[in-house]
Structures are given as structure tokens and as C-alpha cells.
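One structure below.
The values are calculated or read from the model by the stated rules, or taken from the named source; none is laboratory data. Model, not experiment: these values are computed from the prediction. So basically every Cβ, Gly included, is an ideal-geometry build from the backbone, and we count neighbours across all protein chains shown.
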């Protein structure tokens, strides 16, 4: 039970302290609304949930690495700076992949929804 407590505490810290996580959660909420609106199928739901989870998890790992690095070496250090940049790139990569999946799922549905029958 303690493990769950610490994990949820970490999640709360992440959401409270990281603006980008709140932005990712907003996009996740929009994807959820789109999913209900367009009645996406189970595979599409799975892809949306998986991609959203990966983006937020990658953001959590990035934040943890940054906090650890800043604690270990608070002054500027080239190697730590590069590590932090690479971790941020991982977030960017997962966010681009998630956006691509969202576009693949929702653009055709939006186009068919707006075109007259």
C-alpha cells in the first residue's frame, strides 16, 4: 500500500509542478471527448490510451531526471545539460507520435462528419 501512496504522491507532484503535464492531460481529455463523440472502436481507444500514457510517463521520467540532476549538480554542467536535453527529446518524440496517432484516428472522422451526405 505504501508503494501506491508514493506513486500517487508522485503523480500529484507531477501534475502540480509541471505545466507541460497539465497540457498533455488537456489533450488527453480532448482525445477522450473526441473518442466519445465519434464513437471510436476498441483498437482506437487502446491506441489513444497507450499513447497518452506513454507521453505522461515519459514526462514523469524527464521530470525525475531533471530534479535528480539538479540536486546532484546544481551548477551548470555540460554533460548533465545534454542528458536533460535528451530526456526532453524523448518527451517530444512520444508527443509527436501521440499527435500522429490522434490525427490518423480523428481527421478522417472529422472530414466525414463535416461533409454533407
| message | Tally up the residues in the stretch 43-67 that are surrounded by 13 or more Cβ atoms within 10 Å (Cβ to Cβ) and over 15 Å from the mean Cα position of the chain (by Cα), please. | response | 4
| request: Among what's in the stretch 1-26 and is touching a residue at least 24 places away in the same chain (Cβ under 8 Å) and within 26 Å of residue 109 (Cβ to Cβ), pick the residue that is surrounded by the most Cβ atoms within 10 Å (Cβ to Cβ). | output: 24
| note | Flagged in the stretch 64-81 as in a helix (DSSP H, G or I) and in contact with a helix residue (DSSP H, G or I) (Cβ under 6 Å, 6 or more places away or on another chain), in numbering order, are 65, 66, 69, 80
| field | Those residues of the stretch 97-117 which are modelled with pLDDT of 95 or more and exposed (fewer than 11 other Cβ atoms within 10 Å of the Cβ), in sequence order | value | 107
| said: Against the condition surrounded by 12 or more Cβ atoms within 10 Å (Cβ to Cβ), modelled with pLDDT of 95 or more and over 14 Å from the mean Cα position of the chain (by Cα), how does residue 90 come out, does it pass? | reply: no
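Could we say that residue 40 is outside any helix (DSSP H, G or I) and either in contact (Cβ under 8 Å) with a residue 40 or more places away in the chain or under 11 Å from the mean Cα position of the chain (by Cα) (or both) here?
The answer is yes for residue 40.
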